[in-house]
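FYI, it's all coordinate maths here, none of it is from the lab. From a predicted model like this one, the values you see are computed outputs, not experimental measurements. Note that we place each Cβ from the backbone using ideal geometry, even for glycine, and neighbour counts take in every protein chain shown.
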Amino acid sequence: MSRWARITLILGDLGCIHLGYLVAFLLRFRGSLPPENWSAYLELAPWLTLAALLLLYVYGITSPQRRRWAEIFSSLVCVVALLLLSGLSLSYIMQTYAFPRSIFFLAAILQLIFLASWRRALWSWLLRRHGPLTLLIVGPLDEAFKRREQLEKHRPLLFQVRGIVTDTVPPDQKGDTLLLATYEELPLVLERLQPEGVLFCSSVPQGERSRLMAEAVARGTSVFLIPRLEDLLLAGASMEPLNGIPAFHILGLQEMAVGGWKRLLDFALAFLLAVPALPVILLGALLVKLDSPGAPAFYVQERVGQGGRVFRLIKLRTMVPEAEKDTGPVLATPDDPRLTRVGRFLRATRIDELPQLWNVLKGDMSFVGPRPERPFFVNQLEREIPGYHLRHCLPPGITGLAQVEGEYSTLPEDKLRYDLLYARSASLLTDLRIILRTLSVMMLRDKAS
């Protein structure tokens, strides 16, 4: 999306937001706008505009073409809800009593209607005009087909894979409707297919990757790179020449200053949320007991935390008792048959996660960080995925970058990529943004757990 298109998008959003306030005033005062109320609106308008801009930035909805409509709508709901809270707070602080509180609630309903209508029309128009993003995938066949399935199975309107460039093309694959070619044929394929972008898989050999990327960039084609471990470790690195030798200085993950501010934020948030969360937890526990008499309401499970230390994570129980008696440790699925009726509701609303506030208060967990896994799966994944142990350099979190960017079905190696990217960019603002974005993720059933 071009700079001017982005500006137009933001101006349209702000127009919908302020139109909501104005229409709410007109409805409240039956078609008139008393001078004192107009003055109160003008006094608050700059601050409401600033709050709206910050929320639109936090939820990253300034480029809608490659996002599903459900993701855009859930973000708009959060923007409007948080703007409502911001408006009420600003009105109280600035004592603008001529701005009735009822206006904020009526405006929130109107803003959601206006924003959703404007964004839906724009989203549909962009899809009709540009169509899906056309891609060429470069990499070994098994990984390339896996990435193709990820793109087209869940995002058929947004992405279209036109071909795969790989090391060797098996004879039995040459008759496939999808164009297959070798690395040496990339220039010809780019010329023939004219894709908008080239997606490079992480397992392309380094020498081939550099050569093929240079070829694509030289032709003006956008390049998307699935990072390897060394690529992720470069994130945030600084150039520090060593006696004339160009070199990047990569800090160790343990050297990152995430201790003081992170622990303070975690404790403050957990303490503030504990009081309103307690009655919800107790109600959830009561529902679990009524649904499964004789079974415990809470479920305690060992998880691997920072430094590989094992701690006991507490949740509301959502599965039948002894769910793994016959199968052994098994990862949960969105439609897991072991879920109870109440458990399905608790998981859908994320209420089952609320007892983890106790883990945060104790210091076992953080609000933001890699999701902790069970020792059984950690041992398995450390054998299969190089660098998996690096995610334990940070405290585990209730939510994380992998949860707001990924989906429930996101591959473990991709979740690791998000975890390491977060580790290289952890900051107070990053944590706050992830926490706020988690609110919109909670409305989407297929997003990461």
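Values as computed for the structure displayed
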quantity: Förster radius 22 Å - calculated FRET efficiency between LEU127 and ILE10, Cβ distance, rounded to 0.05; calculated: 0.65
quantity: Distance (nanometres) between label positions extended 7 Å along Cα→Cβ at ARG68 and GLU36; calculated: 5.0 nm
quantity: Test item: Cα-centred dipole of the range 190-295, Lys/Arg +1 and Asp/Glu -1 on Cβ, debye; calculated: 180 debye
quantity: Extension gain from LEU193 to HIS389, taking 0.36 nm per residue of separation minus the Cα-Cα distance; calculated: 66.5 nm
quantity: Segments 397-408, 3-14, 226-237 sorted - mean Cβ within 10 Å per residue, highest first; calculated: 397-408, 226-237, 3-14
quantity: Computed E for ARG211/ALA274 - FRET, C-beta separation, R0 60 angstrom, nearest 0.05; calculated: 0.60
quantity: Whole-Å distance, taken between Cα centres, linking the range 50-84 and the range 295-327; calculated: 34 Å
quantity: When each of LYS146/LYS315; LYS153/LYS415; LYS262/LYS315; LYS289/LYS325; LYS362/LYS415; LYS315/LYS415 is checked by Cα-Cα distance, pairs over 29 Å; calculated: LYS146/LYS315
quantity: Cα→Cβ-extended label distance, 7 Å offset, between GLN150 and ALA237, nm; calculated: 2.3 nm
quantity: Beta bridge orientation in the chain: antiparallel %, DSSP, nearest 5; calculated: 40 percent
quantity: Nearest-0.05 FRET efficiency for ASP291 and LYS325, computed from C-beta distance (R0 22 Å); calculated: 0.70
quantity: For peptides 66-73, 361-368, 122-129, 39-46, sequence by mean Cβ density within 10 Å, most packed first; calculated: 361-368, 66-73, 39-46, 122-129
